[in-house]
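Let me begin by presenting the structure, written as structure tokens, before commenting on it.
Since every read-out is calculated from the coordinates, none of them should be taken as a lab result. What you see is a predicted model; the values in this text were computed from it and never measured. Note that we place each Cβ from the backbone using ideal geometry, even for glycine, and neighbour counts take in every protein chain shown.
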Amino acid sequence: MVQKVIEVSGVSKSFGGVVANKDISLEVEDGKITGLIGPNGSGKTTLFNSIVGYHPIDEGSIKFEGREISKLRVQEIARLGLLRTFQQTRIYGEMNGVQNMLISIPHRKHGFMDMFGRNGNEDEEKAERLLEFVGLYSKRFLPSGDLSFGQQKLLEFAMALMNEPKVLLLDEPTAGINPTLINGLIDRLKRANTEFGITLLVIEHNMRVIMNMADKVYCLAHGEMLASGSPDDVQNNQRVIDAYLGAH
């Protein structure tokens, strides 16, 4: 029996009278890659923020592994194994890659200075393995601010993996990345899904990326659910074509 790891039911969210999400329902199956698409302003990022606790919802229900989480704080939800990345990277540019990896761990087993390699060899080894996984091992001691934007996104992805999430929400992972790096990123996302068993919910504007990666796709428009189904079904849905792909 397929387990629904995330269940969003009838979720609505407004900001000062502006409706960002209206009666949104979606499901994310355990072990799958689920895509979320839609034009700018359709409410995708607001929904992400609501799922992980940044925006309290006005109506509806959000469940993670069968547990209602809509009233929990961000840190409580993260401890359950539900994390997200952002469109703009959130790294410490003056720190190197390994230091960023170590400081991303929310609950340190050791003291503050262990983040900088004085102790905590096990964590440092794990950090280096994950940096190798995303292709940044050779740059692990460079100041992270010196990395390209695409490499910084890979670092943020590795930082999320450092926390061993059950489910990872990725907000436009390929945005701003050099096209030559996109295929490598897609491959690493798929490998994180299959090798590490991490369920992924991905916002993505690059239709080629999402259609080649996702098992199921949802499309939002004007804060409402427009369509859902297999990548082929959604890609060929006339309402999606009109709203998102710009056909006339």
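Using alpha carbons only, how many angstrom separate the centre of segment 212-246 from the centre of segment 57-97? Between the Cα centres of segment 212-246 and segment 57-97 lies a distance of 25 Å. Between Arg208 and Glu128, the contour length at 0.36 nm per residue exceeds the Cα-Cα span by 25.7 nm.
Each label was represented as a point 7 Å from its Cα along the Cα-to-Cβ direction; for Leu80 and Ser230 these points are 3.2 nm apart. Fully extending the segment from Glu59 to Asp242 would add 63.0 nm, taking 0.36 nm per residue of separation and subtracting the current Cα-Cα distance. Cross-link pairs exceeding 20 Å in C-alpha to C-alpha distance, out of Lys4/Lys32; Lys71/Lys216; Lys32/Lys153, comprise Lys71/Lys216; Lys32/Lys153.
Loop-located chymotrypsin sites (Phe, Trp or Tyr not before Pro) in segment 160-248 (DSSP state other than H, G, I, E, B) with a sparse environment of at most 12 neighbouring Cβ atoms within 10 Å are absent. With the charge dipole of the chain set up from +1 on Lys and Arg Cβ and -1 on Asp and Glu Cβ about the Cα centre, the Cα lying farthest toward the positive end among the listed residues Ser9, Ile33, Val167 is that of Val167. The simple Förster model, with R0 at 30 Å and r as the Cβ-Cβ distance, assigns Asp146 and Ala175 a FRET efficiency of 0.90. In the chain, a dipole from Cβ-located charges (positive for Lys and Arg, negative for Asp and Glu) runs towards its positive end, and of Asn237, Ile105, Asn178 it is Ile105 whose Cα lies farthest in that direction.
Note on the chain: with charges restricted to the Cβ of Lys and Arg (+1) and Asp and Glu (-1), its dipole about the Cα centre is near 280 debye. Among complete DSSP H helices in the chain, none has alpha-carbon atoms stretching at least 30 Å along the helix's long axis together with a mean Kyte-Doolittle hydropathy reaching 1.6.
Using 0.36 nm per residue and subtracting the Cα-Cα separation, the extra length available between Glu195 and Glu7 on full extension is 65.3 nm. Comparing Gly197, Val209, Leu226 along the charge dipole axis of segment 116-248, the residue lying farthest to the positive side is Val209, per the Cβ-charge model. A helix-only calculation puts the chain at -9000 deg cm²/dmol for mean residue ellipticity at 222 nm, using -39500 (n - 2.57) for each DSSP H run of at least four residues, averaged over all residues. Rounded to the nearest 20, the size of the Cβ-charge dipole of segment 161-248 about its Cα centre is 160 debye, with Lys and Arg at +1 and Asp and Glu at -1.
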